[in-house]
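Single-structure report; data block below.
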Amino acid sequence: MSVQGTYEPIIEKELFFRVLDRIEGRANKVSIYKKVNADFIIRGLVICEVCGHKFTGGWSKGKRHKYAYYRCKCRNGSIPRETLESKFYEFFSGLSFDRKFSALLKKIIQLEMENRNKFSLQNQISIDTRIEELKKKRKQIIQKSIDNILPDKDAKELLSENERQVNLLQIEKKNNLESYINVEDIINKSFRILENLLNTWKISDLQGKKKLQSFLFPSGVQFDGLNFRTPHLPLCIELQQYWKLQNFPMVAPRGIEPLSGD
């Protein structure tokens, strides 16, 4: 669900889209295309496979009621909003992770992340050991200086270098701690989204929708008049399609281009 903000805008909406048109090379357009419209939620996302243009959306007046349509200039013509959106939602929902595949991929990722975290912990122990060795060396330098075994000038230089090395190790230790990943939390949050892609998209705000669309459809979404398809998908989604083909060879995923050119 998208909600219109009630705060004072920094710039007018029309100016924003005019600048966006200029950036994307559409500066010669006279009319300003209102991309954000709650009545036509997939307008501007879906591309007609026949002519290559994006579908627009609008209302047609009947004798008593107004009717919502998505439109294209080619032979696809006008398509009732409910028809196109229901097909899109079916296509979108079909990309969500299967529970069996999720369980398998979760385990693989979990094992990989645990191995990485194990390495981080080992590295942490090594860093702590090196810091302790430098601290011992610092005490030795100070004692030699007190006993007049080491000249003051040499002692200062050695202490300064010792401090520099300890500081570098402390930075390395901090970075190493930040790389330690809470495996369970990240996996569970990510898979909740991947198992419910359509619902996640529907409840997201505009920015969230755009991020999810860019992630799922890097080359856009095409509609041929009957079905949706996309030539490219994220690797994790493609892996699932491959897994389905291997486990259910008689069921081909709808609306998705084959992974190979065979």
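Just so it is clear, none of the values below were taken in a lab; they were calculated from the coordinates. A quick note: this is a predicted structure, and the numbers were derived from the prediction, not measured. Don't worry about glycine lacking a Cβ; one is built from the backbone with ideal geometry, like all the others, and counts go over all protein chains shown.
Residue exposure proxy: 84, 239, ordered by other Cβ atoms within 10 angstrom of their Cβ from fewest to most, comes out as 239, 84.
Around the amide H of residue 196, modelled in the peptide plane, lie the amide H atoms of 97, all under 5 Å away and 5 or more residues distant in sequence or on another chain.
Rounded to the nearest 20 debye, the dipole size of the stretch 100-184 about its Cα centre is 260 debye, using +1 on the Cβ of Lys and Arg and -1 on the Cβ of Asp and Glu. A dipole drawn for the stretch 49-181 from +1 and -1 charges on Cβ atoms has a positive end, and of 121, 160, 145 the residue lying farthest that way is 121. The alpha-carbon of residue 209 sits under 22 angstrom from the alpha-carbons of these lysines, leaving out residues fewer than 8 places away in its chain: 13, 34, 35, 54, 87, 189. Separation of the stretch 122-181 from the stretch 69-107 is 59 Å, based on Cα centroids.
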